[in-house]
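One structure below.
The values are calculated or read from the model by the stated rules, or taken from the named source; none is laboratory data. Remember, predicted model here, so these are calculated numbers, not experimental data. Heads up, the Cβs are rebuilt from the backbone with ideal geometry, glycines too, and the neighbour counts pull from every protein chain shown.
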Amino acid sequence: MVRLEIAFARARTQVCVGAGLLPTAEGVLTEAGPLRRALVVSDQTVAPLHAGPFCEALARVCPQHKLHLIPEGDGAKSLEQAAAIYDLLAAGRFARDDALIALGGGVVSDLTGFVAGTWMRGTRFAVCPTTFEAAVDASIGGKTAVNHPAGKNLVGVFHQPWLVLIDPVCLTTLSERDLAAGLAESIKHGAIADPDLLEWHRANRPQILSRDPATLATLIERNVRIKGDFVTRDERDQGGVRAALNFGHTVGHALEAWFQYQYRHGECVALGMVVAARLSVRLGLLARADADLLTATLEAFGLPTRLDTLPPPERLVAYIARDKKASGGRVPFVLLDGLGRTTLRSDVPEVLLLQTVRTLSA
């Protein structure tokens, strides 16, 4: 098992990565500190696969625990679902030293973290990610949120988990599509911070796609280190450092909203990265060969790089204008200033954005 610690100004997150970790989690949980009561939040798809073994391990150190299930899908990231969990916490008289534990993907961790960050102004929470996207992205950095009809992740709070338990064996239950969607975030980390990681993906493609636990553990560790470096330097996303992690997300979030979440988050981010890379080329920041390399890497893992049916570009740009990071009527775009380097630009001409979005259907 690999142990990493991510140190923030007022909190520390211990990250443990190891095959077979969840069914034997009592050891790590004991080391992390006493647990009086815990509420495990999972969804209706993940729970039948992973909740039993994990809750058995949890029971050995925390007999007073409950399992709460939410519906699968992005629609569960809602104030209504958060209110239902608040009701459970109130009925159980949960205190700040009790814990919420997210067992699932990014939706589960976002919702659980949001509730933990707002219940009694902050209670402990842990994350047990069961998707690749959650393991390398959503579980690290303390961004928690629920959606609002006006947009994705508009109601949120920064709240760092005290513990993250990542078991690569969980990823063996993912569909090919869900694994690929998660890999989009890993490829993104290579594009913005570590070009060698892009080549590593391509060199280890067979082992990654066959879900070899040792290969996945190595890939997860590399991603956690990259994500941890960004978030510790800019915990509250105010210094500009953490903005690089939004590469591909500005267009990606707009596509998610337009298609009403029929596409996976990672699939939309992949498309958004293609647009951002091509914008970078058109602005003279990135070599076309590097943009093509990124596109080829996405395609090698079955991620979409074009759309058969493209939303009207003008409508898509209108969605982009609603981005929560917009300031002064301008939306900042994370672009590549060469592979492994990013730049934030709020001066992208709308006509250039429209032209580049149209290339998704070319």
Kindly evaluate Thr112 against the criterion of being over 16 Å from Val40 (Cβ atoms) and of a type in the set (S, T, N, Q). no
Looking at Arg282, is it of a type in the set (D, E, K, R), within 26 Å of the chain's Cα centre (by Cα) and farther than 30 Å from Ser210 by Cα? no
Among Thr45, Thr13, which is hydroxyl-bearing (Ser, Thr, Tyr), under 22 Å from Thr173 (Cβ atoms), under 20 Å from the mean Cα position of the chain (by Cα) and in the same structural domain as Arg124 (by TED's automatic domain parsing)? Thr45
Would you be able to tell me the number of residues in segment 173-230 that are among the polar types (S, T, N, Q) and within 15 Å of the chain's Cα centre (by Cα)? 2
Among the residues that make up segment 68-89, is at least one of them modelled with pLDDT of 95 or more, part of a loop (DSSP other than H, G, I, E, B), surrounded by fewer than 17 Cβ atoms within 10 Å (Cβ to Cβ) and not assigned by TED's automatic domain parsing to the domain that holds His253? yes
Identity of the residue in segment 283-329, of a type in the set (Lys, Arg) and in a helix (DSSP H, G or I), that ends up modelled with the highest pLDDT: Arg288
Failed item, numbered, when Thr30 is tested on (1) among the β-branched types (Val, Ile, Thr); (2) within 24 Å of Asn223 (Cβ to Cβ); (3) assigned to a helix (DSSP H, G or I): (2)
Working only within segment 6-52, note down all residues that are closer than 22 Å to Val224 by Cα and among the acidic types (Asp, Glu). Glu31
Counted residues, segment 74-133 - those being under 18 Å from Lys152 (Cβ atoms) and among the aromatic types (Phe, Trp, Tyr): 1
What tally of residues in segment 286-310 results from selecting those that are surrounded by fewer than 19 Cβ atoms within 10 Å (Cβ to Cβ) and over 20 Å from Glu199 (Cβ atoms)? 5
Verdict on Leu279 being modelled with pLDDT under 95, buried (at least 19 other Cβ atoms within 10 Å of the Cβ) and of a type in the set (A, V, I, L, M, F, W, C): no
Within segment 232-282, residues outside any helix (DSSP H, G or I), of a type in the set (Gly, Ala, Ser) and without any contact (Cβ under 8 Å) to a residue 24 or more places away in the chain come out as Gly239
Test Ala181 against the stated conditions and say whether it is in contact with a helix residue (DSSP H, G or I) (Cβ under 7 Å, 6 or more places away or on another chain), at pLDDT 95 or above and assigned to a helix (DSSP H, G or I). yes
